[in-house]
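Just so it is clear, none of the values below were taken in a lab; they were calculated from the coordinates. Quantities reported herein were computed from a predicted structural model and do not represent experimental measurements. Cβ atoms come from the backbone with ideal geometry, glycine included; neighbour counts cover every protein chain shown.
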Amino acid sequence: MSIRLEKPWQALERLDDLPGHLGVFQLGNADGEVQFIGYAGGRSQYGLRSAIPDAVANVATATSYRLEITAAYLTRYQELLMVHQADHGRLPSANDPVDNLGRLSPA
C-alpha cells in the first residue's frame, strides 16, 4: 500500500454518492493538483457525506475529489499532509498551517 492517496479523482457531480463514513479526502483542481486535504472525524455530523461538500464550498478551485475510508482518520490526515509537504515543500494551497506537523521522507 502506498503512503500517497492514489485513488482516482471523482467529479464533484458525484457528491450525492458519498458514504457517511469516517475518513480522509483530497480536493483537486482541473489539472489534478491537490488543493486541500481534509478529514471527516467523529464530530462530522454525516461523515464524508457532509465534510466533503463543506470543504468544496470553501475551495473555489476544486473540481474533483478522492477519498479513503478509515477509522484512523486523524493519523492518515497528518500523514497525507506530511507527504504533500515532502513532495512540494508546502501544504496544499487551501490548507491552513498545522502546528507540530512532523516530517516524512517518502520514497
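Tabulated data
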item	result
Mean separation of Cα contacts under 8 Å (6+ apart) over length of the chain, as relative contact order %	31 percent
Square roots of 5 times each gyration tensor eigenvalue, C-alpha, the range 1-95, largest first, Å	18, 16, 12
Two-site label geometry, Asp31 and His88: point separation in nm, points 7 Å out along Cα→Cβ	1.0 nm
Rounded FRET efficiency, nearest 0.05, which uses the C-beta distance separating Thr63 from Asn100 and R0 of 30 Å	0.40
Peptides 76-84, 28-36 ordered by average Cβ neighbours within 10 Å, highest first	76-84, 28-36
Counted charge near Ile3, where neighbours are those whose Cβ lies closer than 11 Å (Asp, Glu -1; Lys, Arg +1)	-1
Potential lengthening between Leu12 and Ser50 on full extension [0.36 nm per residue; Cα-Cα distance subtracted]	12.4 nm
